[in-house]
Amino acid sequence: MSHDVRNRLSALRRAFHRHPEPAWCEFRTTARIVAELERIGVDELIVGRDALASEHRMAVPPSETIHEWRDRAADAGVPTAVLDATADGHTGVVATVHAGDGPSVALRADMDAVSIPESTEPGHRPADEGFRSETDGYMHACGHDAHPAVALGVLEAVVASDFSGTFTVLFQPAEEVAGGGKPLAEGGSVDDVDYLLAFHLGLGYPTGTVVAGATEPLAMAHITATFEGASAHAGKDPSGGTNAMQAMTTAVQNAYGIARHGDGMTRVNFGRVEGGSASNVIAEEVTLDGEVRGGTTALMEYTRAELERVLYAAAELHDCDVVIRRISESISVDSDPTLAGLVADVARDVPAIDTVVPAAPLGASEDATFLMDRVHANGGRSSYLVIGTDHSTSHHTPTFDVDECSLDVAVEVLTDVVSSIGERRP
Ligand SMILES: [Zn+2]
Ligand SMILES: [Zn+2]
């Protein structure tokens, strides 16, 4: 790979890193991707709303939040055409090149940031080298700045190669909240795809390692539960109210007591609580923010059903009401073993790769599974690759950073896989 390309990949990744945007607010990120796609030259470019089944979007933030980020993007010079196409939280891009007869291959990359502040400490490369987040409270702490840079690098390499077939790159919004995979899948972009590749950098694997096909991504459901009671004076009339705080604590205690399932792993967690008004007031309203996960979609659904039963029962016990909102969810889909086998064979021939892991459990949740599921349902194959990168600290921490040498490696592995599929007939 030439130095020019290598430098361009790092520069692009750093540009994304400097301007992190949260789920459904990736306006500036979308615009930068569109600009790069126009430079590369593609046959079809679908920006924003037209690529998404809008009604399937999940975990969409309030419209004030979306408008705030849109205005920020407008101030940064994002073209009106992109702002119009992505209006009201319809971010993302799908780009396609037609290169003669052959299979239809797709690559999916996510692009959203995490809502944590980035470290300013010396020793944190983005701080030392001047590409730290310029947006307080948000950071690319999962590598989703590197993912679109890699995907653009692959597209450019495929366009320049003798690949024969159709190649589509999906720049998916809102992965961190499991919100974007489903509307993109329902939007139809992968309906004719024979081979889908999705990937993530890092996840504990060092530069030079590739997991050819991740398995057992955890199915996940994010919910909130708002307990509604009635306030009263805590000294004079404690029995006059109905206590939403009591209902909430009962729910939390019993949620963690949901029976394990004999078929496999389940998880439940509440990570945030908000409510009440003062120490001398019986709490009128309390909201819990939580999630369940399962080793399979059915195990997630079992745990979610049990959790909802516990929430209703806790409300009933304390004479309160509860409103349960299903914020988002993702399903569990394994990589196709045949395609993973091909990825492993190709990766073994890439000089920068020293370790190929044929298959390994992902251990996290991923909403690329909706796209994978759609491809499998139509008779195609998909694989979820983990491409190693030496990362400074674990994902979702303020000092997370990727090894930029792994960007080239990722481009090489993915390009070689696409080319090798292009040499086959579906
Ligand atoms: Zn993440
Ligand atoms: Zn991630």
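The values are calculated or read from the model by the stated rules, or taken from the named source; none is laboratory data. Everything numeric here is computed off the predicted structure, so don't read it as measured data. As a convention, Cβ positions derive from the backbone with ideal geometry for all residues, glycine included, and neighbour counts pool all protein chains shown.
From (1) part of a loop (DSSP other than H, G, I, E, B); (2) within 16 Å of ligand 1 (Cβ to nearest atom), pick out the condition that doesn't hold for A109.
(1)
Please go through segment 58-103 and give me each residue that is closer than 28 Å to E366 by Cβ and in a strand (DSSP E or B), ordered by number.
V93, V94, A95, T96, V97
For segment 268-302, give me each residue that is over 11 Å from F227 (Cα atoms) and either among the aromatic types (F, W, Y) or assigned to a loop (DSSP other than H, G, I, E, B) (or both).
F270, S277, A278, S279, N280, I282, G295, T296, Y302
Among the residues of segment 96-115, count how many are farther than 23 Å from V190 by Cα and either touching a helix residue (DSSP H, G or I) at 6+ places or on another chain (Cβ under 8 Å) or within 13 Å of ligand 2 (Cβ to nearest atom) (or both).
Count: 2.
Would you tally the residues in segment 153-172 being in contact with a Lys or Arg (Cβ under 9 Å, 6 or more places away or on another chain) and under 26 Å from S392 (Cβ atoms)?
Total meeting the criteria: 3.
Pick from R49, R70, R32: which is basic (K, R) and closer than 21 Å to A11 by Cα?
Unique residue meeting the criteria: R32.
Taking into account only those residues within segment 33-49 that are in a helix (DSSP H, G or I) and in contact (Cβ under 8 Å) with a residue 40 or more places away in the chain, which is surrounded by the most Cβ atoms within 10 Å (Cβ to Cβ)?
If we take residues in segment 33-49 being in a helix (DSSP H, G or I) and in contact (Cβ under 8 Å) with a residue 40 or more places away in the chain, then I33 is surrounded by the most Cβ atoms within 10 Å (Cβ to Cβ).
For T355, indicate whether it is of a type outside the set (A, V, I, L, M, F, W, C), more than 16 Å from ligand 2 (Cβ to nearest atom) and surrounded by fewer than 16 Cβ atoms within 10 Å (Cβ to Cβ).
The answer is yes for T355.
Determine which single condition A305 fails, assuming it passes every other condition in (1) touching a helix residue (DSSP H, G or I) at 6+ places or on another chain (Cβ under 8 Å); (2) hydrophobic (A, V, I, L, M, F, W, C); (3) not in a loop (DSSP other than H, G, I, E, B).
Looking at each condition in turn, A305 falls short on (1).
I'd like the full set of residues that are within 16 Å of the chain's Cα centre (by Cα) and away from ligand 2 (no atom under 16 Å from the Cβ), limited to segment 150-183.
V169, K182, P183
Residues that are surrounded by 15 or more Cβ atoms within 10 Å (Cβ to Cβ), within 15 Å of the chain's Cα centre (by Cα) and within 28 Å of P206 (Cα to Cα): does segment 94-108 have at least one?
Yes, segment 94-108 contains at least one residue that is surrounded by 15 or more Cβ atoms within 10 Å (Cβ to Cβ), within 15 Å of the chain's Cα centre (by Cα) and within 28 Å of P206 (Cα to Cα).
Look through segment 115-149, keep the residues that are within 16 Å of ligand 1 (Cβ to nearest atom), surrounded by 21 or more Cβ atoms within 10 Å (Cβ to Cβ) and hydrophobic (A, V, I, L, M, F, W, C), and return whichever of them is nearest to the chain's Cα centre (by Cα).
C142
Looking at segment 337-348, can you tell me whether even one residue there is within 22 Å of V150 (Cβ to Cβ), surrounded by fewer than 16 Cβ atoms within 10 Å (Cβ to Cβ) and charged (D, E, K, R)?
yes
Looking for whichever is surrounded by fewer than 24 Cβ atoms within 10 Å (Cβ to Cβ) and either within 16 Å of ligand 2 (Cβ to nearest atom) or of a type outside the set (S, T, Y) (or both) here; the options are A214, A219, A232. Which one fits?
The unique qualifying residue is A232.
How do the pairs read when you match residues in segment 266-282 that are closer than 20 Å to A305 by Cα and without any contact (Cβ under 8 Å) to a residue 60 or more places away in the chain with residues anywhere that are surrounded by 11 or more Cβ atoms within 10 Å (Cβ to Cβ) and among the polar types (S, T, N, Q), using Cβ under 8 Å and keeping only pairs 6 or more apart or on different chains?
T266/T303; R267/T303; V268/T303
Quick one: which residue in A259, A255 is more than 16 Å from T224 (Cα to Cα) and either outside the structural domain of A234 (by TED's automatic domain parsing) or touching a residue at least 40 places away in the same chain (Cβ under 8 Å) (or both)?
A259
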